[in-house]
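K.L.:
Dumping the structure here so I can ask a few things about it.
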Amino acid sequence: MKYEAILFDLDGTLLPMDNDKFTKGYFSLLAKAVAHLGYTPDTLIPAMWQGVKAMVMNDGATPNSEAFWKVFSSIFGQKAYDDIPVFDEFYKNGFHKAKELTVPTELSKQIVDEAHKKAERVIVATNPFFPKAALDSRLSWIGLKTDDFDLVTDYDNSSFCKPNPNYYKEILEKFSLNAENCLMVGNNSEEDIIPAKKIGLNTYLVTDWLIGDENINCEKGSLKDFYDFLKRG
């Protein structure tokens with residue numbers, strides 16, 4: 001089958017990981033990187049979560065980045081905006097230390113190469129909580145880069161988040177895609193599968209690092225199983 005687009009989740013799907021372990025380790029690295037600016041783990045981490053909540057609740061009126069920094073600056077003051085370059089520098093460099101918290105596989109690049117044969121567009125539909133630099137870094141851990149995709153969702157180019165179905169609608173509208181001719185691949189039943197199904201996307205649940213309900217009604221299997229599924233299609 002030839003798809004108009006194949007959409008991939010990143011964390012736990014193309015980039016195998018234990019999400020809780022990764023998040024805890026990543027926040028620890030970030031806290032150390034910005035400690036010299038006066039941020040402490042006790043203040044920084046709750047503020048980061050409040051910023052994430054603001055992005056999840058975003059109604060499309062502004063990019064997710066604006067929603068995040070508005071909340072973050074309400075906690076730390078206007079100086080937070082001046083500190084953005086330091087945060088960006090962390091995602092370009094210090095963030096790479098978090099690679100050891102993941103389980104990269106060469107299979108991911110093979111899957112993306114195959115996806116380009118089976119779809120007109122290949123998209124990384126990762127929850128857009130991060131700046132582009134963070135996506136560049138994480139993709140490099142599996143031998144890929146943002147230029148390998150037609151779109152990689154980040155907090156500047158997206159104004160909704162999973163599990164809001166509008167997150168998927170926004171992607172489809174960017175390329176005038178028909179949901180029934182597209183495939184969403186992810187490891188989280190609540191964020192990747194259910195909202196994608198709501199707007200008519202075909203779905204595949206990757207079960208290696210499953211989050212949520214494995215019994216959801218859709219195609220499913222390991223990342224290797226998905227590769228075989230794609231090659232057969």
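K.L.:
Quick one: dipole size for region 106-152, taken about the Cα centre, charges +1 on Lys/Arg Cβ and -1 on Asp/Glu Cβ, in debye to the nearest 20.
P.N.:
For this selection, approximately 100 debye.
K.L.:
Next question. Along the Cα→Cβ direction, 7 angstrom out, place labels at Leu37 and Asn166. What is the inter-label distance in nm?
P.N.:
2.8
K.L.:
Over the chain, what is the relative contact order in percent, taking alpha-carbon pairs closer than 8 angstrom and at least six residues apart?
P.N.:
This gives 27 percent for the chain.
K.L.:
Next question, about the same structure. Give the Debye-formula value of log10 I(q)/I(0) at each listed q (0.15 Å⁻¹), with one equal scatterer per alpha carbon of region 64-173, two decimals each.
P.N.:
Computed log10 I(q)/I(0) values: -0.75.
K.L.:
Around Asp156, what is the net charge, scoring Lys/Arg as +1 and Asp/Glu as -1 over all other residues with Cβ under 12 Å from its Cβ?
P.N.:
Combined, the nearby Lys, Arg, Asp and Glu give -2.
K.L.:
Take the Cα coordinates of the chain, assign each an equal point scatterer, and use the Debye formula without solvent to give log10 I(q)/I(0) at q = 0.11, 0.15 Å⁻¹.
P.N.:
-0.54, -1.00
K.L.:
Hey, got a sec? Which trypsin sites (Lys or Arg not before Pro) in region 86-147 land in a DSSP loop and have at most 16 other Cβ atoms within 10 Å?
P.N.:
Qualifying residues, ordered by number: Lys145.
K.L.:
On to the next question. At Ser176 and Leu29, where each label point lies 7 Å from the Cα along Cα→Cβ, what is the point-to-point distance in nanometres?
P.N.:
Spacing of the two 7 Å Cα→Cβ label points: 4.1 nm.
K.L.:
Exposed loop sites here are GluC sites (Glu not before Pro) in DSSP loop states with at most 14 other C-beta atoms within 10 Å. What is the longest stretch of the chain lacking them?
P.N.:
The segment 107-213 is the longest one with no such site.
K.L.:
Can you run phi through the Karplus equation (6.51, -1.76, 1.60; θ = phi - 60°) for region 84-99 and list ³J(HN,Hα) in whole Hz, with x for Gly and Pro?
P.N.:
After applying 6.51 cos²θ - 1.76 cosθ + 1.60, I find 3, x, 6, 4, 4, 5, 4, 5, 7, 10, x, 4, 4, 5, 6, 4 Hz.
K.L.:
Work out Dmax and Rg for region 1-134 from the C-alpha atoms and quote the Rg first, both in angstrom.
P.N.:
Cα only, region 1-134: 16.9, 54 Å (Rg, Dmax).
K.L.:
Looking at Thr146, Asn164, Val206, which one has the Cα that reaches farthest to the positive end of the dipole of the chain (charges on Cβ: Lys, Arg +1; Asp, Glu -1)?
P.N.:
Farthest towards the positive end: Thr146.
Quick note: the coordinates plus some simple rules give every number you see, no bench work behind them. Owing to the predicted nature of the structure, the values given are computational and were not obtained by experimental measurement. Methodologically, a virtual Cβ is constructed for each residue, glycine included, from the backbone with ideal geometry; neighbour enumeration extends over all protein chains shown.
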